[in-house]
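Asker: Provided herewith is a single structure, encoded as structure tokens, for subsequent inquiry.
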Amino acid sequence: MKTKEQQIAEFEKLFSELKAMLHLSDEVMIRLNNKFFESVSSTLIQLNEAIAAVDYETIEMLAHSIKGSAGSLRYTAISEIAQDLEKRAHTKENYAYQEGSASLEGQFHAVEECYKLWKNKMGLL
């Protein structure tokens with residue numbers, strides 16, 4: 001298990017690399033991240049509702065949305081799990097979607113925690 005310092009360092013590296021690549025200010029990057037975590041939190045609730053209703057079309061659409069948002073911010077693990085859910089829903093595969101969603105939520109919350117630790121270190125909380 002990584003220490004808080006390691007988590008913060010990893011997030012700082014990712015944040016800095018993406019900021020440089022996109023030529024964005026810290027302020028814009030922070031707003032993008034804040035919006036991502038806010039948006040995906042509500043999308044995960046909708047995803048779980050769609051899974052409970054066995055609504056493959058909605059599962060696919062919501063997973064696609066999460067995949068794209070996470071990918072654009074280079075949250076690769078979140079994006080890959082969402083892509084897996086999206087592909088399985090597209091083919092209406094018999095799959096334990098609740099477990100996939102739980103994995104997605106776990107990864108999302110882990111990254112969100114790193115972001116909060118980083119913001120706290122930067123005096124932004």
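Read-outs: derived from the displayed coordinates by stated rules, not from any lab. All values derive from a computational prediction rather than experimental measurement. Because the Cβ atoms are built from the backbone with ideal geometry, glycine has one as well, and the counts that use them run over all protein chains shown.
Asker: Would you order Thr76, Thr3, Thr58 from fewest to most other beta-carbon atoms within 10 Å of each residue's own beta-carbon?
Answerer: Final ranking by Cβ density, sparse to dense: Thr3, Thr76, Thr58.
Asker: Another question, if that's okay. Return the subset of Lys4/Lys92; Lys87/Lys116; Lys35/Lys87; Lys92/Lys116; Lys67/Lys119; Lys19/Lys67 for which the Cα-Cα distance in this structure is over 29 Å, preserving the input order.
Answerer: Pairs exceeding the cut-off: Lys4/Lys92; Lys87/Lys116; Lys92/Lys116.
Asker: Additional query: What whole number of Å gives the distance from the Cα centroid of the stretch 80-125 to the Cα centroid of the stretch 1-59?
Answerer: So the separation of the two Cα centres works out to 8 Å.
Asker: If you don't mind, there's one more thing I want to ask. How far apart, in nanometres, would the label points at Ser103 and Lys19 be if each is projected 7 angstrom from Cα along the Cα-to-Cβ direction?
Answerer: Result for the modelled spin labels: 3.3 nm.
Asker: Next question, about the same structure. If we count every other residue with Cβ under 13 angstrom of Thr58's Cβ, Lys/Arg +1 and Asp/Glu -1, where does the sum land?
Answerer: Result for the neighbourhood of Thr58: -4.
Asker: Give the order of Met29, Met122, Met1 when sorted by the count of other beta carbons within 10 angstrom, beginning with the fewest.
Answerer: On the way: Met29 16, Met122 13, Met1 4.
Ranked by crowding around the Cβ, least crowded first: Met1, Met122, Met29.
Asker: Still on this structure, I have one more. Hey, what did the chain get for relative contact order, percent, Cα under 8 Å, at least 6 apart?
Answerer: Relative contact order comes out at 27 percent.
Asker: Could you work out how far apart the two model spin labels at Lys92 and Leu125 are, taking each label as a point 7 Å from the Cα in the direction of the beta carbon, and quote it in nm?
Answerer: Between Lys92 and Leu125, the simple spin-label model gives 4.5 nm.
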